[in-house]
Amino acid sequence: MSEPIVSIRNVSKKFPGGVVAVDQVSFDIGQNEFFALLGPSGCGKTTLLRMISGLEPMSGGQILIGGEDMANTPPNKRPTNMVFQSYAVFPHMTVEQNVAYGLKVTGVAADETKRRVAEALDMVKLTELAARKPDQMSGGQRQRVALARALVKRPKVLLLDEPLSALDAKLREDMRLELTRLQETVGITFIIVTHDQDEALSMASRIAVMEKGAVQQIATPAELYEHPVNRFVADFIGKVNLIDARVTSQSATAVHCEAKGLGRIDLPANKPCGATVCIATRPEKLKITRQEPQEPGLVKVQGLVRDVAYYGDTSHVVVEAADGLNLAINMQNDSRGGGAGVARGQKVWVHWLPAESIILTE
Amino acid sequence: MAAVLWNRTPQGPLEYSRRLWLKLLLFATFFFLYSPIAVLIAFSFNTSKRNITWQGFTLNNYVVAWNNPDLLDAFTNSLIIAFCSTLVSTLIGGMVGLQLWRFRFPGKTAYEAFMALPIVIPEISMGVALMAFFIRIGWLTSDVGWPLNLGPIIVAHIAFSFPFVSIVVRSRMVGFNVQLEEASRDLGANQWQTFRYVLVPFMKPGLVAGALLAFTLSLDDFVITYFTSGPGSVTFPVKVYSLVRRGVTPDINAASTVLIAITVIATVLAMKLQAPTKAAKG
């Protein structure tokens, strides 16, 4: 990673009443990163973002931005700007006045203000609407105003608090692309808070998954998806089949375990496991066949098709095996011949390569 | 008539506007509420000296009222008092409203109750209390001359009208998106700039509405003013009261009509400004 632009060191936040929103969090965010703080609501991600902006005081720890300790720097003096969840566009000002506000209050000269405002409006394609008031605009347009208003300040870090949550599905898709494009154009660090894993996976270069005030894992989207470190991350990012298993013995390269519904299976493992583990397998890694697969080394189980949901491009199938084990399988409908090709009530075999499973120890 | 009162389609359970008894009640309410005022205004244009029979239309009563120096003095006093008390009570009320909206502090509930006390306290009690107070500190007994002798009334009016301003301002602020303030801070504004450029523009309709409310309250107050006025500081309502005891003459009708007009205009403005605007949230 390049020189960190934001360093978060043992940062904590305790609210009066004893609620610990953020608990001893430490990590670095690099220059030009599109960094996502991802987690369920109440995990402390917004509080952490607000502490970076200075709007929320810290209970402990240290935040450095561009190598400088921000302990005694109020929000109006920090090199960060925020796009609020409600956009917080000033209702009594025109678009132009909104964008110029941050320059006006810090005493930037009038001609420079004018030039920079025009530039920012052009960047978010709002030049035509410069004279409008916010109540004459759509949610998407208001969000662009909020973006322009923050970017015109040329911050080192742009903070975005659930920026897409108030938009409808189609607009959300467009804004995702636009935000990534914008981040590439302006070349500054974006930190985005979201509870939407699709949003984080599709936009961010790195993601910190948070839960109960602590960071569970920081990784690239692909790494998070394919190599989650624990049960929470595996379950929160995408869909996953989690199967509890008891470890019977372990060698240097594999573990032998007794899994619920699957019986005795061997999985590759390169780290020591405890007595119980959790086997996580993504639904699209699972395959369905009518006949028992004959290739050696497969994890396989017979079961009954409980449910088939057709989504056009994919079909989501649920198969119930022994011991009440339910397996979710995503099938690509890659030929026009009749969707998933399985029907409810059918007896099928589900199988997958052992290497596609992840062994989770916590 | 029957065709109007009895519609052919059956009444729904919630269609109160189609019930006869409700229509009659509505009519009675309007009748008792507005007919005296309508009569008062109508007779202000009457040529007769007595408010009983209509004889003909004239504007002469307005001229008579205008040429009555006592009435005009009282009217001037009322306007001066209303202006001064509105100014101060808007300022104090605005601050109290902002404080109650914004801050949490120990004893806030009690403080809030005390701030609202002038609204619920009987006017007569407040009038007596203020009179006793002003006599005790010597404001009512010493002769300070006009216009300083209006001081006690102005102070009294501020005391009972600023809570109304604070309530209006506070309810306006409830619709304020706190993120606007945070956005302002985040964009580099200091506390004062945030107050000046973000909070005050948002408060403005509340402040104006509160000010107009305070103005009309002051202009037509009788009870408290009666107790706090001296010989040289008679206001319009107090003057009218003393004139009426010698019989209601049409010039009083005329002067009252002017007062009604001023109050109605101020109230309409206040309501217009208080109406929720589309831009209330950011």
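FYI, it's all coordinate maths here, none of it is from the lab. What you see is a predicted model; the values in this text were computed from it and never measured. Here the Cβ positions follow ideal geometry from the backbone for every residue, glycine too, while neighbour counts run over all protein chains shown.
Key figures for this structure:
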| quantity | calculated |
| --- | --- |
| Under Karplus coefficients 6.51, -1.76 and 1.60, residue-wise ³J(HN,Hα) of the stretch A:52-58 in Hz, glycine/proline x | 5, 6, x, 6, 10, x, 8 |
| Highest-fluctuation residue, A:ALA21, A:ALA100, A:ALA109 considered, GNM on chain A with Cα pairs under 10 Å | A:ALA109 |
| Spatial separation of Cα centroids for the stretch A:79-115 and the stretch B:160-198, in angstrom | 18 |
| Trypsin sites (Lys or Arg not before Pro) within the stretch B:157-248: DSSP coil, no more than 11 neighbouring Cβ in 10 Å | B:ARG245, B:ARG246 |
| Shape call, chain B: gyration tensor on alpha carbons, a/c limit 1.5 | oblate |
| The stretch A:214-286 and the stretch A:9-68: distance between their alpha carbon centers, rounded to Å | 29 |
| Amide hydrogen neighbours beyond the local backbone of A:GLY30, cut-off 5 Å, H modeled | A:ILE5 |
| Along chain B, longest interval not containing exposed chymotrypsin sites (Phe, Trp or Tyr not before Pro), exposed being DSSP loop plus at most 15 other Cβ atoms within 10 Å | B:104-221 |
| Trypsin sites (Lys or Arg not before Pro) within the stretch B:4-67, DSSP loop, no more than 16 other Cβ atoms inside 10 Å | B:ARG8, B:ARG19, B:LYS49, B:ARG50 |
| Estimated FRET transfer efficiency (B:SER242, B:ALA110; beta-carbon r; R0 30 Å; 0.05) | 0.15 |
| Cβ-derived FRET efficiency at R0 25 Å, A:THR127 paired with A:LEU177, nearest 0.05 | 0.80 |
| Chain B, helix-only ellipticity at 222 nm - DSSP H runs n ≥ 4, -39,500 (n - 2.57), divided by all residues, nearest 500 | -22500 deg cm²/dmol |
| Residues in the stretch A:252-268 that a label on A:LEU353 would reach, taking backbone N under 13 Å of a point 7 Å out along Cα→Cβ | A:268 |
| Most mobile listed residue (B:ILE153, B:ILE81, B:ILE265) in chain B, GNM with C-alpha springs under 10 Å | B:ILE265 |
| Under the Karplus curve 6.51 cos²θ - 1.76 cosθ + 1.60, θ = phi - 60°, whole-Hz ³J(HN,Hα) for the stretch B:149-154, x wherever Gly or Pro sits | 6, 7, x, x, 5, 4 |
| Given charges at beta-carbon only (K, R positive; D, E negative), |dipole| of the protein assembly as shown in Debye | 1560 |
| For chain A, built as a Gaussian network whose Cα springs stay under 10 Å, the top-fluctuating residue of A:ILE52, A:ILE237, A:ILE279 | A:ILE279 |
| Cα-Cα over 30 Å, subset of A:LYS133/B:LYS108; A:LYS45/A:LYS133; A:LYS14/B:LYS108; B:LYS23/B:LYS49; A:LYS14/A:LYS239; A:LYS153/A:LYS212 | A:LYS133/B:LYS108; A:LYS45/A:LYS133; B:LYS23/B:LYS49; A:LYS14/A:LYS239; A:LYS153/A:LYS212 |
| Cα-derived Rg to Rh of the protein assembly as shown, Kirkwood definition | 1.17 |
| Solvent-free Debye scattering, log10 I(q)/I(0), computed from the Cα coordinates of the stretch A:230-349 at q = 0.14, 0.16, 0.20 Å⁻¹ | -0.65, -0.83, -1.18 |
